[in-house]
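Working notes for the structure below.
The values are calculated or read from the model by the stated rules, or taken from the named source; none is laboratory data. Owing to the predicted nature of the structure, the values given are computational and were not obtained by experimental measurement. Please note: Cβ atoms are built from the backbone with ideal geometry, for glycine as well, and neighbour counts cover all protein chains shown. Side chains included, ligands, DNA and RNA excluded: accessible areas come from the protein's heavy atoms. Shrake-Rupley method; radii C 1.70, N 1.55, O 1.52, S 1.80 Å.
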Amino acid sequence: MNPTQHTAAVAAETAEFVATVTAADLSTPVPTCPGWTLGDLTQHVGSVHRWFTELLRRRIQQPPTSREVDLRLPEQPHDLPAWLAASASEAAEVFAATDLDAPMWAWGVDQHARFWVRRMLFETLVHRADAQLALGITPHIDRASAVDGIDEFLTNLPFASSFAPLTAQLRAADRAVRFTCADGDGDWLVGLRPDGFALVAEHDGPGTADAAVRGTAADLLLLLYGRLNHRDDAFHLLGDPDLLDHWFTHSAF
């Protein structure tokens, strides 16, 4: 997917999220986000939209020293879905006015404005799935989006320790874990070293995995985000089970 597709997908995912929660009881617990209700989840997604939008508007070049932003939260909880829709509309206006290829600070690999649009997409998509799962709805995830989301997650995870501290323990003596799509193209090899871990680039060759997980792109995306368990029947596992346990214990955020 490219930045233009990411911007369109943010709008589509937000619209589906809003449609999911508008008629729902916002006090409903969200099992995949322990301790949160649908209202909490909606406020979180809208807050992320407004924070990322402010970063893009300012085109920051250094890590921000504050996360303060005027959220303009509604007075009544039942207005949260409409507030989220407004957050997405504001984000779309900033996307359209921004050169997404412009250099910009980001916590991940891609130091360009487009990083934040892609990140906003998968923040919204995964939490949309959380909302639907909380309401007993089986979420549908477009395959192209799922593949792109897997790549985005694995590419940036080595840089996420500031808010996902357990990732700092993803170390091993030259081991590797492979994730493979069962429903089409998609194969990722992650190498674990004594000093850290990283996605192995395709030009470095196919490589050998010590453990592997195979599933549909949509299921793999939810698995990587900790919304599914790797021992579920949806996945075919190969290799060292202890290495897989180590990965999934320390990787989700």
Tabulated pairs, region 94-115, first touching a residue at least 40 places away in the same chain (Cβ under 8 Å) and hydroxyl-bearing (Ser, Thr, Tyr), second assigned to a loop (DSSP other than H, G, I, E, B) and open to solvent by 20 Å² or more (accessible area, probe 1.4 Å), C-beta under 8 angstrom, 6+ apart or interchain: THR98/ARG59
All positions within region 67-94 that are open to solvent by less than 50 Å² (accessible area, probe 1.4 Å) and either more than 15 Å from THR14 (Cα to Cα) or part of a loop (DSSP other than H, G, I, E, B) (or both): VAL69, LEU71, PRO74, VAL94
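Is there a residue in region 13-23 that is in a loop (DSSP other than H, G, I, E, B) and open to solvent by 70 Å² or more (accessible area, probe 1.4 Å)?
We begin by selecting, within region 13-23, every residue in a loop (DSSP other than H, G, I, E, B); these are 23.
Keeping just the survivors that are open to solvent by 70 Å² or more (accessible area, probe 1.4 Å) gives 23.
Scanning region 13-23 turns up at least one residue that is in a loop (DSSP other than H, G, I, E, B) and open to solvent by 70 Å² or more (accessible area, probe 1.4 Å).
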Number of the exception - THR42 against (1) under 20 Å from GLN5 (Cα atoms); (2) hydroxyl-bearing (Ser, Thr, Tyr); (3) in contact with a Leu (Cβ under 9 Å, 6 or more places away or on another chain): (1)
Those residues of region 207-231 which are farther than 20 Å from GLY184 by Cβ, out of contact with any Gly (no Cβ under 6 Å at 6 or more places or on another chain) and of a type in the set (D, E, K, R), in sequence order: ARG227, ARG231
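When you look at LEU157, is it farther than 23 Å from ALA129 by Cβ and in contact (Cβ under 8 Å) with a residue 12 or more places away in the chain, yes or no? Give the derivation first.
Numbers: farther than 23 Å from ALA129 by Cβ: no; in contact (Cβ under 8 Å) with a residue 12 or more places away in the chain: yes.
The answer is no for LEU157.
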Hits in region 201-223 (condition: among the hydrophobic types (A, V, I, L, M, F, W, C) and either in contact with a Ser or Thr (Cβ under 7 Å, 6 or more places away or on another chain) or open to solvent by 50 Å² or more (accessible area, probe 1.4 Å) (or both)): ALA212
Test: residue in region 49-58 that is at pLDDT below 95, of a type in the set (D, E, K, R), over 30 Å from ASN229 (Cα atoms) and in a loop (DSSP other than H, G, I, E, B): no
All positions within region 104-141 that are surrounded by fewer than 19 Cβ atoms within 10 Å (Cβ to Cβ) and part of a loop (DSSP other than H, G, I, E, B): TRP105, TRP107, GLY108, VAL109, ASP110, GLN111, LEU135, GLY136, ILE137, THR138, PRO139, HIS140
